[in-house]
Amino acid sequence: MKKNIRAILSAVLAFSGIFGMKADQGTLSVQQPGATDGIVCGLPVNGITLEREGEWMNLEMDMELGSFKMKGDRVAVFYPELTDGTNSVELYPVALYGRIRYIQYIRDNEQPIGGPDEVTIKYSNRPDVVTYSKSIPYQEWMNGAELKITRRDFGCCNKLLSQCESPLSSWSEFYYEPAYEFKEAVTAATVKTRELSGRAYVDFPVNQTVIYPDYRRNAIELAKIIATIDSVKNDKDITIDAISIKGFASPEGSYENNIRLAKGRTEALKNYVQQLYKFPEGFITTSYEPEDWEGLREWVESSNIDNKAGILAIIDSDLAPDPKNTKIQTTYPEQYKFLLQNIYPALRHSDYKIEYTIKQFVDVEEIAEVIRTAPQKLSLDEIYLLAGSLEPGSEEYNEVYETAVRMFPSDETANLNAANVAMQRGDFDKAEQYLAKSGDSAEAVYARGVLATKRGHYQVALEYFNAAAPELPKAAEAAKTLKEVLR
């Protein structure tokens, strides 16, 4: 009885360097058999499959060894090769060693005749069928390439006795390039409101509410506030709408006194800013938090301080502020001392916010200048107004859409358009990242189909195109084209 063994041999050929890929063209593979199934240089070969999957070329075939005949002092080596006549890739060889030659091979510790990648099989132990499987990186020249097998028979001392070459199959591609679908921004807001915020640590003498600009680090902290205001006040494209300041005190001392300190110090900072800029009455608004327990909790939660859980339990308790601070002090005196010296000073701060409006831009030349110098001033509508004036596919055009997604990283439309640009450039991984944040609009579903096409996943692409077809004529057209090709 013949052996019923099916050996699975697989290898992946490693390449270095960068290959010219055709995957960005949206390709469909068409296998064109050459010698088809049958006897190839004395070896029955069946089930030949040569196809492209994205950036890989895959080969599979069954080598029928059970009926193959050879002498005991011979070696028969089969070398598959993919070639277009000029370029070629030699795949791993399969070698059958006769009984005598196999003994010599083992005894003398010889190198495989077919090289280090050779799959060596002892003739007397040969399986009925060996399934040959190989994947190699796709290169542009492989479109129209031919798969062939070369058989070489060797005798004693590895002397070449005979050679046979036979084609197996050829392969070509049909190129399909689905059209891209860019989407315009849809924004209801016509007013571009923004805000800047910061935190300053203005120091006051104990129990006082008067600002001394030269006291400790006050010059630096006050300069931070002034610089933030000036950054928008001195910009001709910006109008400041409001300024707000909120003051905080730390938990030590009585709650009533901390109310006085937080309120008074916040008012003092407001007056300091008002004297510098002469804003209209009521333009600067204030609020205060007598004790910044939330800030204290955030620090303790993120720290490795001893008795962390106990301190947090006290902070989260229903105790009034003064008893709460006292309980931490008496229950955990060492930790309280550390907090008082190192953390409480940072809880005395002033948070400020500047709200402003940016003017509308309608001139594309002005928008082009702003996008180079201050893209954060632009809305998506303004950015896409500029894109509409540029040559589709040009470097400037693509750069505009990439700027849009940098400025609006969570916007679905910005991510969709950036994905289209990434696909045009052949950066499919980046396109996939953008599409993950592009939502489920018909345009986004269609774009996922385009990406699947470019990666060679045509059945997946067809599903996306069919899903988007009811709302997007371009998707219906792509689905029709793909169905005809895949038929």
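The values are calculated or read from the model by the stated rules, or taken from the named source; none is laboratory data. Please read all numbers here as calculations on a predicted model, not as lab measurements. Cβ: placed from backbone, ideal geometry, glycine included. Neighbour counts: every protein chain shown. Surface accessibility is based on the protein's heavy atoms, side chains included, excluding ligands, DNA and RNA. Shrake-Rupley method; radii C 1.70, N 1.55, O 1.52, S 1.80 Å.
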P(r) of segment 336-410 over all Cα-Cα pairs, 10 Å bins starting at 0, rounded to whole percent, reads 16, 35, 14, 11, 13, 9, 1
Net charge of Cβ neighbours under 12 Å - reference SER135; Lys, Arg +1; Asp, Glu -1 = -2
Listed pairs LYS246/LYS324; LYS278/LYS377; LYS246/LYS359; LYS192/LYS430; LYS71/LYS148; LYS192/LYS236 exceeding 19 Å between Cα atoms | LYS246/LYS324; LYS278/LYS377; LYS246/LYS359; LYS192/LYS430; LYS71/LYS148
Quick one: what does P(r) look like for segment 78-227 with 5 Å bins over all Cα pairs, in whole %?
-> 2, 6, 10, 11, 8, 6, 5, 4, 3, 3, 3, 3, 4, 4, 5, 6, 6, 5, 3, 2, 1
When ligands, DNA and RNA are left out and all protein chains stay put, how many square angstrom of accessible area per residue does the chain have with a 1.4 Å probe?
-> 52 Å²
Treating the beta-carbon of each Lys and Arg as +1 and of each Asp and Glu as -1, no other charges, what is the dipole magnitude of segment 264-360 about its Cα centre, to the nearest 20 debye?
-> 360 debye
So for the chain, taking the charge dipole from beta-carbon charges (+1 Lys/Arg, -1 Asp/Glu), which of GLN424, GLN275, GLY72 sits furthest toward the positive end?
-> GLY72
Taking the Cα-to-Cβ direction at SER197 and at GLU432 and moving 7 Å from each Cα, how far apart do the two end points lie in nm?
-> 3.7 nm
When the charge dipole of segment 346-471 is computed with +1 on Lys and Arg Cβ and -1 on Asp and Glu Cβ about the Cα centre, the Cα farthest towards its positive end, among ILE358, THR403, GLN459, belongs to GLN459
Counting all Cα-Cα pairs in segment 352-474, those more than 18 Å apart amount in percent to 56 percent
Over all Cα pairs of the chain, the Kirkwood radius sets Rh, and Rg/Rh then becomes 1.24
What part of the accessible area of the chain, given as a whole %, is carbon or sulfur when the probe is 1.4 angstrom?
-> 49 percent
So what's the angle, to the nearest 10 degrees on a 0 to 90 scale, between helix 458-468 and the longest Cα principal axis of the chain?
-> 40 degrees
In nm, what is the difference between 0.36 nm times the number of residues separating ASP235 and ARG372 and their Cα-Cα distance?
-> 47.7 nm
Dipole magnitude (debye, nearest 20) for segment 337-388, charges at Cβ of Lys, Arg, Asp, Glu | 640 debye
Asserting the computed 222 nm helical MRE of the chain (DSSP H runs at least 4 long, -39500 (n - 2.57) per run, divided by residue count, to nearest 500) equals -11000 deg cm²/dmol
Give the value in nm², to one decimal: projected area of the alpha carbon convex hull of segment 266-367, averaged over all directions.
-> 11.4 nm²
Among TRP141, ILE383, THR86, flag the residue with its Cα farthest along the positive direction of the charge dipole of the chain, charges on Cβ as +1 for Lys/Arg and -1 for Asp/Glu.
-> THR86
Only Lys, Arg, Asp and Glu count, each charged at its Cβ (+1, +1, -1, -1), so figure out the dipole size of the chain about its Cα centre, rounded to 20 debye.
-> 1800 debye
